[in-house]
Amino acid sequence: MRRSVSQALLDRFQHPAQVIVTAFATAAAVGAGLLATPLAAESGTATRLIDALFTAVSAVCVTGLVTVDTASHWSAFGEAVILVLIQAGGLGIMTLATLFAMMISGRIGLRARMWAQAETKAPQMSDLRRVIGNVVLFTLACEALTAVALAARFAVGYGEPPGRAAYLGLFHAISAFNNAGFGLWPDNLVRFATDGWICLPIAAAVIVGGLGYPVVFELRRSWRHPKRWSVLTRITVATTLVLLLLGFLVFTITEWSNPKTLGPMDAPGKLLAGFFTGVMPRTAGFNSLDVAGMYPTSWLTTDVLMFIGGGSAGTAGGIKVTTFAVLAYVLWAELRGETHVNAGHRRLAATVQRQALAIALLGVALVIISTYALLALTPHSLDQVLFEVISAAATVGLSTGITADLTAAGQILIALLMFAGRVGPATLFSALALRARRRRYELPEEKVIVG
């Protein structure tokens, strides 16, 4: 009996990572095709394929880098395509596919469970139905609350018609919670830099979306009892708070008198804009200050915060705060001469330490190689290119303004970086492997001089 096409495809992709990479690539390709049509452009003419592809990849990878102005170039249909891609990329292609399968058949196959578990980081496959349902409901609830708050402000504070206000609120709520950074104004959110009714809801959505679903759900259950939190939640919350405080202080102090950023604002406005700017490198991509006008020290701080990123199993990118924290614990244990690495009264497994080291080194290698390549392809300075590369690889979306000026080869490189940053270097590389190989024997141990 001849096998069906769907069965042949299932047999072709044996590793969940292969399906995730293929799903994201397919979504980007479909999105690019739709955005390239005349219907998607405000002018009614077809958009260049490179611009359509770049925008589709940026949207589905929840980044926010653009080569054309979102508000003026794309029509209502084009903006709707971008919004769908952001939502799909934020929730995860395989999470949505599994949800649809549940709605249609009422059950999930073993292989579909494996795929969705790889995307959602569910602790056990038996919890998958509950995890996916909670993820979707929580996402929609947060986006709805943010949309209502923003729509009310646009309607009352800026005189937008109810329909337009609702649309602006919904678009920016979805973009914020999914850490996408797409805005519907040429200056992104610079015009709202001192408006707390706009900036604070967006910042809150960015922070919550970037914490990661496992952490958010645990905080919801036992936020009054920090002693009961898992090591993952403790590390994520503590590191996030430290990085938010550090970003706020550095940006506010550094840019306080900069005439191109915080200089013209009053003290409350400076504090608000400094806080908002400190939140956005957590891979959100919105900006209420002109990034190109910032001091180089602020660019360097942004580079570091973007590279670290947000929480695991969420909408944020970067190497993740847990990876950064685990490496810090490893360093602390080594400095103290301890044989084991402990965190939160628990011993971290050796596999976790190796994974953190691998992710960090892969991230560093990706940034270095891509920066070298982009420097060879463009005339821009090292600090600008490095900023652009880290922003793309960490799926942030902040830019010094050089994205649209890059050559076609440079834009393709940035698109590939966004794609790799969303699916994750480890997922991307493991998807290329045909099968997992385990050594059936151990070699003799030998110490090597390091340092």
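Amide H to amide H, with H built 1.01 Å from N, Ala316 comes under 5 Å of Gly311, counting only residues 5 or more places away or on other chains. For Asn342, the amide hydrogen comes within under 5 Å of the amide hydrogens of Leu348, counting only partners 5 or more places away or on other chains and with H modelled in the peptide plane. Each residue of the range 222-231 is assigned a 3J(HN,Hα), and the resulting list reads 9, 5, 7, 10, x, 5, 8, 5, 6, 4 Hz, derived from the Karplus form 6.51 cos²θ - 1.76 cosθ + 1.60 (θ = phi - 60°), x at Gly and Pro.
Percent of accessible area on the range 204-286 owned by carbon and sulfur, 1.4 Å probe? Summing carbon and sulfur atoms, their accessible area is 70 percent of the total for the range 204-286. Shown here for the range 289-393: trypsin sites (Lys or Arg not before Pro) in loop regions (DSSP other than H, G, I, E, B) with at most 16 other Cβ atoms within 10 Å, namely Arg336.
A Förster distance of 41 Å, applied to the separation of the beta-carbon atoms of Gln353 and Asp383, puts the FRET efficiency at 0.80. Taken about its Cα centre, the range 335-429 carries a charge dipole of about 560 debye when Lys and Arg each add +1 at the Cβ and Asp and Glu each add -1 at the Cβ.
Compared with the alpha-carbon gap, the fully stretched path from Phe77 to Thr339 is longer by 88.5 nm at 0.36 nm per residue. Stretched out straight at 0.36 nm per residue, the stretch from Leu361 to Leu145 would grow longer than its current Cα-Cα span by 73.9 nm. About its Cα centre, the range 212-262 has a charge dipole of approximately 360 debye under the convention of +1 per Lys or Arg Cβ and -1 per Asp or Glu Cβ, with nothing else charged. Each part reduced to its alpha carbon centroid, the range 20-34 and the range 385-423 end up 18 Å apart. At full extension, Ile369 and Leu200 could sit 57.2 nm farther apart than now, given 0.36 nm per residue minus the alpha carbon distance. Residues whose amide H lies under 5 Å from that of Trp74, counting only those 5 or more places away or on a different chain, are Glu42; hydrogens are built 1.01 Å from N in the peptide plane.
Ranking Ile414, Ile369 from most to least accessible surface, computed with a 1.4 Å probe over the protein chains only, gives Ile369, Ile414.
What dipole magnitude, in Debye to the nearest 20, does the range 219-312 give about its Cα centre under +1 on Lys/Arg Cβ and -1 on Asp/Glu Cβ?
I would put it at about 800 debye.
Note on Leu249 and Trp185: the model spin-label points, each 7 Å out from Cα along the C-beta direction, lie 3.1 nm apart. Sorting 167-179, 42-54, 24-36 by average packing, meaning the other beta carbons within 10 Å per residue, from highest down gives 167-179, 24-36, 42-54.
The values are calculated or read from the model by the stated rules, or taken from the named source; none is laboratory data. Not measured: the values here are computed from a predicted model. Please note: Cβ atoms are built from the backbone with ideal geometry, for glycine as well, and neighbour counts cover all protein chains shown. All accessible areas refer to the heavy atoms of the entire protein, side chains included, with ligands and DNA or RNA removed. Shrake-Rupley method; radii C 1.70, N 1.55, O 1.52, S 1.80 Å.
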